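One structure below.
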Amino acid sequence: MASSSFPASSTQPKKPRDKIADWFRQALLKKPKKMPVSRESPLSDGSQTATQDMLSPERHSSPPSHNSPQSLSSPPSCSSGMSPTSPPTHVGSSSSSGRWSKDYDVCVCHSEEDLEAAQELVSYLEGSKASLRCFLQLRDAAPGGAIVSELCQALSSSHCRVLLITPGFLRDPWCKYQMLQALTEAPGKEGCTIPLLSGLTRAAYPPELRFMYYVDGRGQDGGFYQVKEAVIHYLETLS
């Protein structure tokens, strides 16, 4: 029996490798699609504004305002309400240039039994418009300090000395020591030692002070006003 033969097909099935090659070939022949171009800038509004600020010379030509709280060009203000290093310039308004060379304007020398009168005088002087700085022994002396050292320190740290001369002053040896010490330290400084005679007659005035005038404490104000004016007058003579 004769075998029947079929004609060979002109097209043979492609191999997988040929399929892949055809796929790459078609992909290469295709034209790339055009990407839509956005009309908006890729930079955001904030970035674009910042860039313009950096490139624009007009924005950097004017200096920063001094009124801006972030401005570093203006120095800090030195006009403070408080100025401890700048004392007044006139003793009438309570000062003089040489006044601040010592700690106190006046040292009030008194006996223990005259403490109340001394406190009244100090209160009057410190409360005046001149705001005089007073040294009062029992208030301002260093606790535990030697009496002699404290008395000498008080005199040397004060411009003026007010001697509250009373019967108790004449009986107190420490008061007499202060009086002699004040005269020894400032023999040529007229007006720095101010005697205030209270409760005594002129005859009882200490002979060591006869060469200088005293303030009479028999007046209505106890002579406080004259003492204040004498202290201010002396401070005005300081340079």
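The values are calculated or read from the model by the stated rules, or taken from the named source; none is laboratory data. All values derive from a computational prediction rather than experimental measurement. Positions of Cβ are backbone-derived with ideal geometry, glycine not excepted, and every protein chain shown enters the neighbour counts. Only protein heavy atoms, including side chains, enter the accessible area calculation; ligands, DNA and RNA are left aside. Shrake-Rupley method; radii C 1.70, N 1.55, O 1.52, S 1.80 Å.
Observations on the model:
- Screening Ala230 against (1) touching a residue at least 40 places away in the same chain (Cβ under 8 Å); (2) part of a helix (DSSP H, G or I); (3) open to solvent by 10 Å² or more (accessible area, probe 1.4 Å); (4) over 23 Å from Glu116 (Cα atoms) leaves a single unmet condition, (4).
- Residue selected from the stretch 205-217 under the condition free of Cβ contacts under 8 Å to residues at least 24 places away in the same chain and more than 15 Å from Leu121 (Cβ to Cβ), by the criterion surrounded by the most Cβ atoms within 10 Å (Cβ to Cβ): Met212
- Scope the stretch 111-127; condition assigned to a helix (DSSP H, G or I) and open to solvent by 60 Å² or more (accessible area, probe 1.4 Å); matching residues: Glu112, Glu113, Glu116, Gln119, Glu120, Ser123, Tyr124, Glu126
Residues are listed down the side, and each one gets a yes or a no for (1) without any contact (Cβ under 8 Å) to a residue 12 or more places away in the chain; (2) over 35 Å from the mean Cα position of the chain (by Cα); (3) outside any helix (DSSP H, G or I):
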residue	(1), (2), (3)
Lys129	no, no, yes
Gly144	yes, no, yes
Gln153	yes, no, no
Val162	no, no, yes
Met179	no, yes, no
Leu183	no, yes, no
Pro195	no, yes, yes
Gln220	yes, yes, yes
Tyr225	yes, no, no
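- Failed criterion for Ser131 (all others in (1) open to solvent by less than 20 Å² (accessible area, probe 1.4 Å); (2) on the phi > 0 side of the Ramachandran plot; (3) of a type outside the set (Phe, Trp, Tyr) hold): (1)
- When Gln220, Gln181 are checked against the criterion of being under 18 Å from Cys107 (Cβ atoms), polar (S, T, N, Q) and open to solvent by 40 Å² or more (accessible area, probe 1.4 Å), a single residue qualifies: Gln181.
- Members of the stretch 188-203 found to be under 15 Å from Asp114 (Cβ atoms) and either surrounded by fewer than 18 Cβ atoms within 10 Å (Cβ to Cβ) or not hydroxyl-bearing (Ser, Thr, Tyr) (or both), listed by number: Pro195, Leu196, Leu197, Gly199, Leu200
- The single condition among (1) closer than 18 Å to Ser111 by Cβ; (2) touching an Asp or Glu at 6+ places or on another chain (Cβ under 6 Å) that Glu150 does not meet is (2).
- Arg139 being in contact with an Asp or Glu (Cβ under 7 Å, 6 or more places away or on another chain) and closer than 24 Å to Gly223 by Cα: no
- Check on Thr237, closer than 21 Å to Glu120 by Cα and hydroxyl-bearing (Ser, Thr, Tyr): no
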